[in-house]
Amino acid sequence: MIEMHQLSKRYGDVLAVDSFDVTIRPGVVTGFLGPNGAGKSTTMRMVLGLDTPTSGSVLVNGRPYRDSPAPITEIGALLEAKSLDKGRSARNHLLALGATVGVGASRVDHLLELVGLGDVAHKSAGSFSLGMGQRLGVATALLGDPAVVMLDEPVNGLDPDGILWIRTFLPALAAEGRTVLLSSHLMSEMELTAQHLVVVGRGRLLADVSMAGFIAGATTDRVRISSPDAGRLRELLSGPGVTFTSETRGELVVQGIPVARIGECAAQNRLVLHALVPLVPSLEEAYRALTEDSVQYHGGTGWTVGIGVPAPARPALVP
């Protein structure tokens, strides 16, 4: 379990983390979401004792992580997959770390097979691709059989097989009673993997809720209608507060009127319905709605690369 009590971190005039009161509980995968600069990395570094809180506290299994006599058996973390001795083989990297807590070759070999690196165990870790480095990072996090697993962007660089493995493996770890904290910007994967969410923005806690509750909280009364009588339905349903969008002929998306009322209207007027579907937002849609005012770094819109920016003069070609 990870417990944060009024956890805060300030860098000069910037309050990177503002009074977090959060408990990351065992038995579920907790997703940690937020825009760039929201305070996620700072929070995870404070959990690991790499950054010191300005105020408040954070406990791992009831005590500060720095006080653990065997840290890698307390919490397994992946913050930067390439933070390793690139001259060592994957196997020797794990053996060296394992020696600090009495983890031997049999567990190292088991983990290398588990993450899919058994065939390259003796290759230099410095030669690994990003995805292979991620796999080695996951193996490193699991080395001490920790009760808490904390991973930052673990699917970054993984192939589809690796992504599917992470998607099924993390819930299996949680089912064993472990505490699993997953940070990622890939909303589609987070929606499939996490059961609980902690969302932050500009250093503030925005949500601490189940995945189902988070999405339900963003649900609107949008309804998709498919009907050869879509035009007539639009006329009958029009009124104050009702909006329509249409992408294809014979389809409408209606907002501002309950789905039951739409069905009753169609039945009363003997109009054909091929589909009448309440629209549930995706995690990405719910997340963007919540964090819209917390995004610090926006990309430009309405620009074409090079427009309005003079290109450097090219040297004349000399035959």
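The values are calculated or read from the model by the stated rules, or taken from the named source; none is laboratory data. Everything numeric here is computed off the predicted structure, so don't read it as measured data. We place every Cβ from the backbone using ideal geometry, glycine too, and count neighbours over all the protein chains shown.
See the values below:
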quantity	calculated
So T52, is it modelled with pLDDT of 90 or more, surrounded by fewer than 17 Cβ atoms within 10 Å (Cβ to Cβ) and of a type in the set (V, I, T)	yes
Flag for P64 being modelled with pLDDT of 95 or more, surrounded by fewer than 20 Cβ atoms within 10 Å (Cβ to Cβ) and out of contact with any Asp or Glu (no Cβ under 7 Å at 6 or more places or on another chain)	no
Residue in the stretch 133-147 that is surrounded by fewer than 14 Cβ atoms within 10 Å (Cβ to Cβ), over 26 Å from M46 (Cβ atoms) and within 21 Å of the chain's Cα centre (by Cα) present	no
